[in-house]
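Presented below is the structure to which this report refers.
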Amino acid sequence: MSSLSNKRILLGISGGIAAYKSADLVRRLKDRGAEVRVVMTTGAREFVQPLTFQALSSNPVYSDLLDPAAEAAMGHIELAKWADLVLIAPASAQVMAKLACGMADDLLTTLCLASEAPLALAPAMNQAMWRHPATAANAQTLHNRGAHLWGPAAGSQACGDVGPGRMLEPADLALQAEAMFGNNDCLRGKSVVITAGPTREALDPVRYLSNHSSGKMGFALAEAAQRAGAQVTLIAGPVNLNSPAHVKRVDVVDAREMRDAAERAADLCDIFISAAAVADFRPAALAEQKIKKREGHDESSIALVKNPDIVAGIAARTKRRPFTVGFAAETQQVEQYAQSKLKRKKLDMIVANDVSRTESGFNSDHNTVTVIDRSGSNTLPPALKTDLAKQLIEIIANKAQQ
Ligand code: C5P
């Protein structure tokens with residue numbers, strides 16, 4: 001049974017071309033057993049007729065704050081109290097700005113102020129509007145207040161631009177909503193430490209060695225672990241991601257800083273998950289000044305030394321050893337290499353993913369993974385990293401208890 005079964009979802013639709021996709025979203029939410037009521041802004045009604053949503057949701061569509069007939073049937077405060085989740089999809093730059101300011105000048109924004117239900121936004125707008133510092137600041141404000149930001153995805157846009165600002169697909173939004181309600185308490189009372197993102201190994205004051213890790217998997221795991229009841233410390237390399245709510249974040253730059261933070265945090269933890277893409281090597285020397293090109297020298301080389309293996313260090317503990325999970329990002333013979341890492345680093349579990357696949361792995365929102373421990377291996381179906389994180393947390397919680 002879906003976790004959306006019998007959940008009451010107030011779907012806010014604001015003005016944008018993605019509003020046509022919200023019709024499919026209503027259907028997908030209802031297919032999972034949710035009851036859906038739709039609120040449309042004036043802008044949204046320019047794109048799609050309310051009748052479409054009335055037919056799909058089997059409920060009247062609400063638009064006006066001061067409509068006596070609608071108020072008599074279900075007043076706006078009642079509607080705000082009715083919701084288990086307020087989901088705005090698409091969420092335009094305008095609606096995000098109004099919500100960030102706490103404005104209540106139409107039915108949708110008034111409902112958001114009056115509702116104590118979780119608020120989720122699926123931003124959809126032109127890439128330049130999404131990147132504008134004003135929108136970025138509004139998104140950050142809403143996130144800091146606990147709103148969920150689902151998306152946006154990147155790609156080609158209706159206006160012809162390419163970049164971030166596309167609304168997540170209805171199927172993905174339905175999965176996000178499902179994941180939000182689907183949490184169980186499998187990590188209640190547990191303390192979990194997660195490393196995420198890349199490390200940066202400085203070469204001189206302006207250059208460094210690093211990799212393409214986005215940190216998305218580690219951040220998704222931190223959010224899922226927190227939702228499952230754990231106290232979470234997230235040790236993050238340099239990434240461009242917002243902190244999940246109620247998670248203690250420790251920002252680090254290089255591998256040795258990450259090791260020190262991990263060793264400290266692991267002393268008190270039950271589960272250690274190493275999702276970071278730690279640089280294997282660092283420059284042997286850090287130049288104090290910017291390294292200059294040398295006239296007549298067309299080649300140059302950098303001496304490297306090995307970085308500490310953080311997860312192997314935690315797994316090798318004889319005292320205060322947490323259940324230790326590693327990740328293996330491979331481009332070939334994925335399972336074989338992961339198996340040997342599991343043994344060599346003495347891990348309890350390893351999550352292997354094939355980063356040669358363009359649709360998953362580094363920097364993608366999707367992933368395909370195989371979970372391996374001493375008892376065998378299990379390949380999970382391809383999924384959004386957020387959804388996968390939830391499944392992984394359940395598997396890890398289960399194995400850590402055994
Ligand atoms: O050896 P490899 O880098 O492929 O191992 C991957 C696993 O080891 C990941 O869990 C990664 O977070 C961890 N690791 C680490 N410290 C390193 C290198 C990798 O914790 N120096």
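Numbers below:
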quantity: Residue in the stretch 290-300 that is among the charged types (D, E, K, R) and within 15 Å of the ligand (Cβ to nearest atom) present; calculated: no
quantity: Selected residue (only one of 148, 212, 143, 132 is at pLDDT 95 or above and open to solvent by 20 Å² or more (accessible area, probe 1.4 Å)); calculated: 132
quantity: Hits in the stretch 280-333 - residues which are in a helix (DSSP H, G or I) and either surrounded by fewer than 17 Cβ atoms within 10 Å (Cβ to Cβ) or not β-branched (Val, Ile, Thr) (or both); calculated: 312, 313, 315
quantity: Answer residue from the stretch 240-256, given it is open to solvent by 50 Å² or more (accessible area, probe 1.4 Å) and within 29 Å of residue 305 (Cα to Cα) and is nearest to the ligand (Cβ to nearest atom) among those; calculated: 256
quantity: Restricting the stretch 229-255 to residues that are part of a strand (DSSP E or B) and touching a residue at least 40 places away in the same chain (Cβ under 8 Å), the residue that is farthest from residue 185 (Cα to Cα); calculated: 236
quantity: Search result, residues across the stretch 301-318 that are under 21 Å from residue 232 (Cα atoms) and either within 13 Å of the ligand (Cβ to nearest atom) or modelled with pLDDT under 95 (or both); calculated: 310, 311, 312, 313, 314, 315
quantity: Of the criteria (1) over 30 Å from residue 192 (Cβ atoms); (2) over 27 Å from the mean Cα position of the chain (by Cα), which one residue 316 fails; calculated: (1)
quantity: Residues of the stretch 224-239 satisfying the condition of being under 12 Å from residue 196 (Cα atoms) and open to solvent by 20 Å² or more (accessible area, probe 1.4 Å); calculated: 233, 238, 239
quantity: Condition broken by residue 24, with the remaining ones in (1) within 28 Å of residue 127 (Cα to Cα); (2) crowded, with 16+ Cβ neighbours inside 10 Å satisfied; calculated: (2)
quantity: Strands (runs of 3 or more DSSP E) contained entirely in the stretch 140-228, each with at least 2 residues that are of a type in the set (A, V, I, L, M); calculated: 153-156, 191-196
quantity: From 380, 347, residue being at pLDDT 90 or above and aliphatic (A, V, I, L, M); calculated: 347
quantity: Tally of residues being near the ligand (Cβ under 8 Å from one of its atoms) and open to solvent by less than 70 Å² (accessible area, probe 1.4 Å) across the stretch 334-345; calculated: 2
quantity: Conditions (1) in contact (Cβ under 8 Å) with a residue 24 or more places away in the chain; (2) more than 13 Å from the ligand (Cβ to nearest atom): number failed by residue 259; calculated: (2)
quantity: Test: residue in the stretch 264-272 that is near the ligand (Cβ under 10 Å from one of its atoms), open to solvent by less than 60 Å² (accessible area, probe 1.4 Å) and assigned by TED's automatic domain parsing to the domain that holds residue 345; calculated: yes
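Residues checked against (1) over 22 Å from residue 6 (Cβ atoms); (2) among the acidic types (Asp, Glu); (3) surrounded by fewer than 16 Cβ atoms within 10 Å (Cβ to Cβ):
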residue	(1), (2), (3)
43	yes, no, no
49	yes, no, yes
55	no, no, yes
58	no, no, yes
62	no, no, no
76	yes, no, no
85	no, no, no
88	no, no, no
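The values are calculated or read from the model by the stated rules, or taken from the named source; none is laboratory data. Only a predicted model underlies this, so the values are computations on that prediction, with no experimental measurement involved. Cβ: placed from backbone, ideal geometry, glycine included. Neighbour counts: every protein chain shown. Please note that ligands, DNA and RNA were not included when accessible areas were found on the heavy atoms of the full protein model with its side chains. Shrake-Rupley method; radii C 1.70, N 1.55, O 1.52, S 1.80 Å.
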